[in-house]
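The values are calculated or read from the model by the stated rules, or taken from the named source; none is laboratory data. Just so you know, these numbers come straight off a predicted model, no measurement behind them. In this analysis, Cβ positions are derived from the backbone assuming ideal geometry, glycine residues included, and neighbour counts consider all displayed protein chains.
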Amino acid sequence: MVRTKSLVSLLLFSTIILGWSSAHAQNVTITPIGSQQGEFCIGDRALLFVDPTGVRILIAPGRTVNGSGDPRLPNPSDPSGGVHVVLIDHPHVDHIGDVFFSNCAGTTTTPFKFPSAGNAPEIASVHNSAVLVGGEQASFFTQKIKDVSGTAPVSCPTIPVGVDNVLSVPRTSPCVVTIRGGTITVSFKGQTQGVKTPPFLRFILLVRLLLRLILWMESPGRAWLRA
């Protein structure tokens, strides 16, 4: 219970101070998708962000989101779309997903539907997500999504608006784009506001630091911090 309350408080604080959404930050919904509700487990990485504008972003589905059909994810057949964006900032298997952890300790696993492609590419393929990646991951995800769907995804189309580049969701097919210099704002169709990168990436980095802090505070030798 202490862990859950600490997580909610710190995530709310970090959302407010960073202001990564162009809408009101206090209305952002953040849902950890882990192995066990109310606990921080060894493989937990995934976070689902729902912006007030309607944009839904899945971070690092990794080993705890049970593929595209996980009931904790939005329904991809909904008219508003499913997961609009899959964000992978670095290509580690605990973020992309090689096996599904079916217990908190990660000692029991089951394979994903497309084991050689990984979890994130399968989710993006079924949900017609825009995959935002860093570094040189675009070619990797292009191939992996093709392995799942049989069709290589296009490069995500953006519309220049001043110094910004706007990517509209939901989409009817997956796409891949590399986050480099400049900004990309993901906006729901018909909305004038959206989620802007790289402020969102800075937010993610802060969340990870806060999670590490919580885990440190929850370690057996730190009971005095929770008194």
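Residues in the stretch 111-147 that are basic (K, R) and assigned to a helix (DSSP H, G or I): K144, K146. Figure legend. Inter-residue proximity from the stretch 146-161: first residues farther than 14 Å from V176 by Cα, second residues surrounded by fewer than 16 Cβ atoms within 10 Å (Cβ to Cβ) and not charged (D, E, K, R), beta-carbon distance below 8 Å, spacing 6+ or different chains. Indicated pairs: D147/S116.
Which residue out of S102, S129 is surrounded by fewer than 18 Cβ atoms within 10 Å (Cβ to Cβ) and either among the charged types (D, E, K, R) or out of contact with any helix residue (DSSP H, G or I) (no Cβ under 6 Å at 6 or more places or on another chain) (or both)? Give the steps one after another, and end with the answer.
Numbers: S129 fails: surrounded by fewer than 18 Cβ atoms within 10 Å (Cβ to Cβ).
Within the list S102, S129, the selection yields S102.
When each of L225, L215, L211 is tested for being part of a helix (DSSP H, G or I), crowded, with 16+ Cβ neighbours inside 10 Å and either of a type in the set (D, E) or at pLDDT below 90 (or both), the lone residue that passes is L211. Being closer than 24 Å to E39 by Cβ, touching a residue at least 60 places away in the same chain (Cβ under 8 Å), in contact with a Ser or Thr (Cβ under 7 Å, 6 or more places away or on another chain) and in a loop (DSSP other than H, G, I, E, B) is the filter here; which residues of the stretch 59-109 pass it? If the condition is that a residue be closer than 24 Å to E39 by Cβ, touching a residue at least 60 places away in the same chain (Cβ under 8 Å), in contact with a Ser or Thr (Cβ under 7 Å, 6 or more places away or on another chain) and in a loop (DSSP other than H, G, I, E, B), then S102, N103, C104 are the ones that fit.
Among the residues making up the stretch 148-176, a single one is under 24 Å from T192 (Cβ atoms), of a type in the set (A, V, I, L, M, F, W, C), assigned to a loop (DSSP other than H, G, I, E, B) and at pLDDT 95 or above: C156. Just one of the listed residues (V131, V99) is at pLDDT 95 or above and either over 16 Å from the mean Cα position of the chain (by Cα) or basic (K, R) (or both), namely V99.
Of everything listed in (1) modelled with pLDDT of 95 or more; (2) under 15 Å from the mean Cα position of the chain (by Cα), the single unmet condition for G69 is (2). All told, C175 meets the bar of being within 17 Å of the chain's Cα centre (by Cα) and in contact (Cβ under 8 Å) with a residue 12 or more places away in the chain.
For the stretch 148-163, filtering for residues that are of a type outside the set (S, T, N, Q) and crowded, with 16+ Cβ neighbours inside 10 Å leaves 3. For R56, the test of being touching a helix residue (DSSP H, G or I) at 6+ places or on another chain (Cβ under 8 Å), at pLDDT 95 or above and among the basic types (K, R) is failed.
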